[in-house]
Amino acid sequence: MSVTSIVEGAGPRVPVMRSVRDEDSGDRPPPEHTVLGRSASIMEAFNGAQRVLSLADLNKRTRLPKSTLHRLVDQLCQVGWLERDHGGYRVGLRMFELGTLAVEGNRLHEAAFPHLQALASRTGLAAQLAVLDHAEVVYLERIVVGPIRLPTRRGGRKPAYCTALGKAMAAYDADAIHAVISAPMPRKTTKTITEPVALWSELKRVRENGVAFDRGEAYEELVCVAAPIRGTGHPIGAVSVTGPAGRMRWGVVTEAVRSTAAAIWNANLSLRGAPTRRC
């Protein structure tokens, strides 16, 4: 069974065999052996679960030599990407500023924001906007109504296989399907789909219905409905409503999410057609 066959026009995937040293790469070292690559590994060690990391924590997560790690951490502090904190280091305000510029400058975010607010108000639950990066969902925005607490954050990531947002986007993209199904799928709850064939069937249903569900697959207490933001091609993102299972009105929320996804698509098209503003 081909994992790409649910996407119309997708032919069989032929693996590309490459030599250890690609002819285009010359003698360049792999990214993890460069200063930039090592700096990136330090920044990626801050995954949101622990805001402050000690040098020992960073050494364990990056596996960089202690002398190299100490030198790079000092340099990252000098440029504001990291800041010293009691007992260790945390992400600096400069990174927050750059990240905010990336999100606020994103046209999809601009088009979606008022519709997300309306969706959250209409359903009384949390509305979220995300894009797909290989096998992971990246959250661009979330609007929470009431006392709901979500384990997600703007700029955070979650695996696509166990999220409605991820399934809503992957179902329409052969490369995304391959990336998601090829990635590890550890069990998060008793309802998590962990078998590639089962996930393939789930993505086929998503494509047929135009909406994806998470019935406690990522977190036991939370459920989600998501729809892709798309015209006739690959999704440019997805929108969802998330909340406690006892408060989810599946039928009402499904229609609300579908109509919101369509509204965001139209708003995004309008922004693309608008003239660029100059300073």
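Just so it is clear, none of the values below were taken in a lab; they were calculated from the coordinates. Bear in mind the structure is a predicted one, so any value in this text is a computation, not a measurement. Note that each Cβ is placed from the backbone with ideal geometry, even for glycine, and that neighbours are counted across all protein chains shown.
Some points to look at:
- Quarter of the Cα convex hull surface for segment 158-235, i.e. its orientation-mean projected area (nm²): 4.6
- Simple spin-label estimate for residue 183 and residue 266 in nanometres, 7 Å along Cα-Cβ: 3.2
- Label-reachable residues, segment 105-122, where backbone N falls under 19 Å from a point 7 Å from residue 249's Cα toward its Cβ: 116-122
- Given in Å, the Rg to one decimal and the Dmax to the nearest whole number for the Cα atoms of segment 120-279 are 15.3, 53.
- Kirkwood analysis of segment 41-175, using all unique Cα-Cα pairs, places the hydrodynamic radius at 17.0 Å.
- Extension gain, residue 205 back to residue 190 (0.36 nm per residue minus Cα-Cα distance, nm): 3.3 nm
- Highest average packing first - 117-129, 156-168, 188-200, Cβ atoms within 10 Å: 156-168, 117-129, 188-200
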